[in-house]
Amino acid sequence: MRALRTIWLAALLWPLAACDDVGGTSDASNVVRALSLYDGAVVVRGPRGYCVDADNTRRQPSNRLVFLGSCESLSGEPGVTVPLALIVVNVADRQPGRAQPTAATIAASAAPKKPLAAIDSDGLALVHLDAGGELALPGGDPRYWRGGMVINDHFVSLAVYAPAGSRLAGGAGRGFITDLAQTLRAASAQ
């Protein structure tokens, strides 16, 4: 379990290696189930079994970047066993009247990666991309899911990265990222 935690933390920190403001390391001392942003306008909460790594949350000039992973992996404590995944939630500053993104817009922003699927549903745009997942997660599947929605005038971008061959990198990822979006919406005051 300790080796798995070390591997997971290394995988979680990998995307931060290029950031200028990384400062400090995570010892999983600040693993929380939910994190309130923008005075509670957006509450980041993972699906059952996934927690926020609050030590690695980044406050940037116009957004907040939040990383989530398996509660077991982040805390080292036994709990609900769930598939390994790196979840990234990016919440932009409030912009009144912000329009709901479309799957086509998200896919275009990811070019030259190619969409394997592009889905617009009620309040959520999803894109399944063919490449890039292995760059965010060492040993990750190239395929990953991205989504976008608006919560209380904040644009919320979602990404789910999974190990190579994981069902979350395939079709099951659609249900997972949809559950994530529903969890965020339910946790955030309207």
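The values are calculated or read from the model by the stated rules, or taken from the named source; none is laboratory data. It should be emphasised that the depicted structure is a prediction, and the values quoted were computed from it without experimental measurement. Here Cβ is always computed from backbone atoms with ideal geometry, including for glycine, and neighbour counts include all displayed protein chains. Calculation scope for accessible area: heavy atoms of the full protein, side chains included, ligands and nucleic acids excluded. Shrake-Rupley method; radii C 1.70, N 1.55, O 1.52, S 1.80 Å.
Per-atom-type breakdown for region 51-190 gives carbon and sulfur 54% of the accessible area (1.4 Å probe, protein chains only).
Think of region 68-172 as having a plus end and a minus end, set by charges on the Cβ of Lys, Arg, Asp and Glu; of GLY133, ILE106, GLY123, ILE106 sits farthest toward the positive end of this dipole.
Within the shell of other residues whose beta carbon sits under 13 angstrom from the beta carbon of VAL91, the net charge comes to +4, with Lys and Arg scored +1 and Asp and Glu -1.
Here region 44-79 is scanned for amide nitrogen atoms under 15 Å from the site 7 Å beyond the Cα of ALA34 along Cα-to-Cβ, giving 44-52.
A simple spin-label model places pseudo-atoms 7 Å from Cα toward Cβ; at ARG58 and ASP179 they are separated by 2.7 nm.
Segment ARG94..ASP122, full-extension length gain: 8.0 nm, with 0.36 nm per residue of separation and the alpha-carbon distance subtracted. With protein chains left intact and a 1.4 Å probe, residues in region 61-190 average 42 Å² of accessible area per residue.
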